[in-house]
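Below is one structure, written out as structure tokens; the observations come after it.
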Amino acid sequence: MSIVQVGDPILRRTARELSRKEVLSAEIQDLIAQMRETMRAAPGVGLAAPQIGLLLRIAVIEDLTEYHKDIPPERLAELARSPVPFHAIINPKIVLTGEPIEFFEGCLSMAGFSAIVTRSSAVRVECWNAQAEPVSIEASGWYARILQHEIDHLNGTLYIDRMKSRSLSTIDNLIRHWKMKPINQVKAELELG
Ligand code: ZN
């Protein structure tokens, strides 16, 4: 499946909830499998249904150890980033339970760019899993950021709505100038408050 890029109006619309019967249907089970393959092919750590052109309240998330291999341990520790097994979230409700925290993030629908976005360091998400069973997720660190980013997509919100615009960077420049530095040093160099 191809990933919709910024400027497509579907990324600005609100996705609709699914019924239990829909979630358990062959169509939605197949969709979740296709979303998993699309996310892995990108590769990315999250993908929401509007990003493949469907206004449904479904997102898939997976953060694999292999994605961390080029990130120094001190940066992983600062991001509080650890592996997250594949799962789907359906009809999620989110409560921000942490402190505001700033890091660069990117989006598969804003290919080639990254910016600093303030997010809550922890969240609680009530949703259904791929079997339409209710689940409660308590997340912190990078996983909490992924959840906030993906649930924003279901409401027509993109990270560019929340970013520190002075920090907007191509991925090449992120790697060249910013990615390896502590976030407080980045913020000082960019003169961010
Ligand atoms: Zn995104």
Filter pass, Tyr143 being within 16 Å of the ligand (Cβ to nearest atom), of a type in the set (Phe, Trp, Tyr), in contact with a helix residue (DSSP H, G or I) (Cβ under 8 Å, 6 or more places away or on another chain) and at negative phi
no
All-but-one check, Leu154 against (1) surrounded by fewer than 16 Cβ atoms within 10 Å (Cβ to Cβ); (2) farther than 15 Å from Ser114 by Cα; (3) at pLDDT 95 or above, failing number (1)
Take the conditions out of contact with any Pro (no Cβ under 8 Å at 6 or more places or on another chain), free of Cβ contacts under 8 Å to residues at least 24 places away in the same chain, surrounded by fewer than 13 Cβ atoms within 10 Å (Cβ to Cβ) and farther than 18 Å from Ala41 by Cα and apply them to Pro100. Does it pass?
yes
Looking only at the stretch 109-145, which residues are of a type in the set (Gly, Ala, Ser), assigned to a strand (DSSP E or B), without any contact (Cβ under 8 Å) to a residue 60 or more places away in the chain and closer than 23 Å to Ile71 by Cα?
Ala115, Ser120, Ala122, Ala139
Among the strands (runs of 3 or more DSSP E) lying completely within the stretch 37-100, list those that include at least 1 residues that are more than 16 Å from the ligand (Cβ to nearest atom).
84-96
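Conditions (1) modelled with pLDDT of 95 or more; (2) within 16 Å of the ligand (Cβ to nearest atom); (3) basic (Lys, Arg), marked per residue:
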residue	(1), (2), (3)
Arg124	yes, no, yes
Asp161	yes, yes, no
Lys164	yes, no, yes
Gln185	yes, no, no
Can you run down the residue pairs with Cβ atoms below 8 Å, 6 or more apart or on separate chains, where the first is in the stretch 168-192 and over 19 Å from Lys69 (Cα atoms) and the partner is basic (Lys, Arg)?
Glu189/Lys181; Leu190/Lys164; Leu190/Arg166; Glu191/Arg166; Leu192/Lys164; Leu192/Arg166
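The values are calculated or read from the model by the stated rules, or taken from the named source; none is laboratory data. Computed from a predicted structure; not experimentally measured. So basically every Cβ, Gly included, is an ideal-geometry build from the backbone, and we count neighbours across all protein chains shown.
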